[in-house]
Amino acid sequence: MIKPLLLNQRFIARLGNIYVDEALFEGGLHPQRKADTLTSDELCRLHHSIRDVLRAAIKDQGTSVSDYVRPNGSKGTHQYSLLVSGRAGEACPRCGTTIERLVVGGRGTYICPRCQGKSAL
Ligand SMILES: [Zn+2]
């Protein structure tokens, strides 16, 4: 599955649970999608999504949802810009469908079931 693969620090370093959910949403990919079924277009989209999500998070100086603080003790502000992570029950910012929480690879996972449809599994 693509989500556990993206969280595997031996595969790609420094992507955490929140950023993987945001990147998969941006890329329109279901977190349970089998990684070896991604087309080259989908891989390209995912690559761009990961870069966009990380760039935005760095610009906001991090995502302080639990205990993360910057070296000087101040909080980042990216938690206010998250599109799906932590937003179960809220409306998808793209299509209005209710965001759902799943457990994928043992991790809490937030998706829009329409934008990241299971039909793509
Ligand atoms: Zn949606």
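Pairing the Cα long axis of helix 17-27 with the longest principal axis of the chain, what angle in degrees results, from 0 to 90 and rounded to the nearest 10?
Approximately 50 degrees, to the nearest ten.
What are the semi-axes of the equivalent ellipsoid of the stretch 2-120, taken as the square roots of 5 times the eigenvalues of the Cα gyration tensor, listed largest first and rounded to whole Å?
On the way: eigenvalues 103, 58, 34 Å².
Taking √(5λ) for each Cα gyration eigenvalue gives 23, 17, 13 Å.
Relative to the first principal axis of the alpha-carbon coordinates of the chain, what is the inclination of helix 40-59, with its axis defined by its Cα atoms, in degrees from 0 to 90 and to the nearest 10?
With both axes taken from Cα atoms, the answer is about 10 degrees.
Expressed as a whole number of Å, what is the distance separating the alpha-carbon centroids of the stretch 101-116 and the stretch 1-78?
Between the Cα centre of the stretch 1-78 and that of the stretch 101-116, the gap is 13 Å.
Values quoted throughout were computed directly from the atomic coordinates according to the rules given, and no laboratory measurement underlies them. Keep in mind it's a predicted model, so treat the numbers as computed, not measured.
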